[in-house]
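These notes are about the structure you will find just below.
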Amino acid sequence: MVVYAGLALHTISFDQLFPLLCSTKVEDGGLGMTPGQIGAALSVAGVMAMVLQITVFPWGHNRWGGLRCLRVVLGMYAALYFVCLLPSVLANSVCALLGENTQI
């Protein structure tokens with residue numbers, strides 16, 4: 001039960017923080033996306049999650065077992081937090097190079 005709570009915490013945290021990162025201005029460390037772009041990004045993420053759960057998860061579970069799959073997924077969440085910050089860092093770098101009023 002504790003493991004499930006930890007996995008749920010990661011999932012809910014990412015689901016709540018990703019739209020905030022997307023909607024925050026580039027100058028403030030976000031991505032500066034419009035609501036339509038955020039919706040499209042969340043839709044693509046949802047479709048990708050469904051495809052992975054239908055195709056990759058059963059294969060991985062049959063090959064490695066549930067515990068190893070859980071460990072891999074928890075490691076992926078840790079990496080995902082850092083990967084999602086890379087576009088923000090790149091956007092801030094581009095704005096710094098091109099000038100403050102540059103729209104990306």
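No value in this document is a laboratory result; all are computed from the given coordinates. Everything numeric in this text was worked out from a predicted model, so none of it was measured. Positions of Cβ are backbone-derived with ideal geometry, glycine not excepted, and every protein chain shown enters the neighbour counts.
Worth pointing out:
- Alpha-carbon spread of region 2-98, three principal axes, descending order, Å: 50, 23, 23
- Helix axis angle, 35-64 relative to the chain longest principal axis, alpha carbon, degrees: 30 degrees
- When +1 charges are put on Lys and Arg Cβ atoms and -1 charges on Asp and Glu Cβ atoms, the dipole computed for the chain relative to its Cα centre reaches about 520 debye.
- Of all the options 55, 11, 34, the one that moves most in a Gaussian network model of the chain with Cα springs shorter than 10 angstrom is 55.
- The simple Förster model, with R0 at 25 Å and r as the Cβ-Cβ distance, assigns residue 53 and residue 86 a FRET efficiency of 0.50.
- Residue 37 versus residue 5: modelled label distance in nm, points set 7 Å from Cα along the beta carbon direction: 3.9 nm
- For residue 85, no residue 5 or more places off, or on another chain, has a built amide H under 5 Å of its own.
- In the chain, taking the dipole from charged Cβ atoms about the Cα centre, the farthest positive-side position among 14, 77, 93 is held by 77.
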